[in-house]
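What follows is a set of notes on a single structure, which appears directly below.
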């Protein structure tokens, strides 16, 4: 197993605390950005996912730091946070033919 660099050591006086690696800290900061952007817009996870074309399961994983949001997704969320009107016009649903 690869030894990860610890950036926040566990509090020795707290038996439930744990070390935090640089990778885990980055994942948590990305999760916070995404969650704060979504809640700042007053959207549920389902609404945000539908509006910005992100699978809701992926959004949940990113927000709960179970998966690391890729750089392109973080950049997209930053644009959404700064200019929500620029990226929120409705995109028409695909047309089905009968």
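The values are calculated or read from the model by the stated rules, or taken from the named source; none is laboratory data. Because the structure is a prediction, the values reported are computed rather than measured. Reconstructed Cβ throughout: ideal geometry from the backbone, glycine too, with neighbour counts over all protein chains shown.
Residue count for segment 59-71 satisfying the condition of being closer than 15 Å to residue 37 by Cβ and free of Cβ contacts under 8 Å to residues at least 24 places away in the same chain: 1. In segment 1-71, counting only helices (runs of 4 or more DSSP H) that sit wholly within it, the ones holding 2 or more residues that are at pLDDT below 90 span 22-40. Figure legend. Inter-residue proximity from segment 1-25: first residues within 23 Å of residue 69 (Cα to Cα), second residues part of a loop (DSSP other than H, G, I, E, B), beta-carbon distance below 6 Å, spacing 6+ or different chains. Indicated pairs: 6/19; 18/10; 19/9; 19/10; 21/4; 22/5.
Among the residues of segment 72-98, how many are under 18 Å from residue 36 (Cα atoms) and either at pLDDT below 85 or part of a helix (DSSP H, G or I) (or both)?
First, the residues of segment 72-98 that are under 18 Å from residue 36 (Cα atoms): 72-85, 87-88.
From what is left, the residues that are either at pLDDT below 85 or part of a helix (DSSP H, G or I) (or both) are 72-82, 84-85, 87-88.
Matching residues across segment 72-98 total 15.
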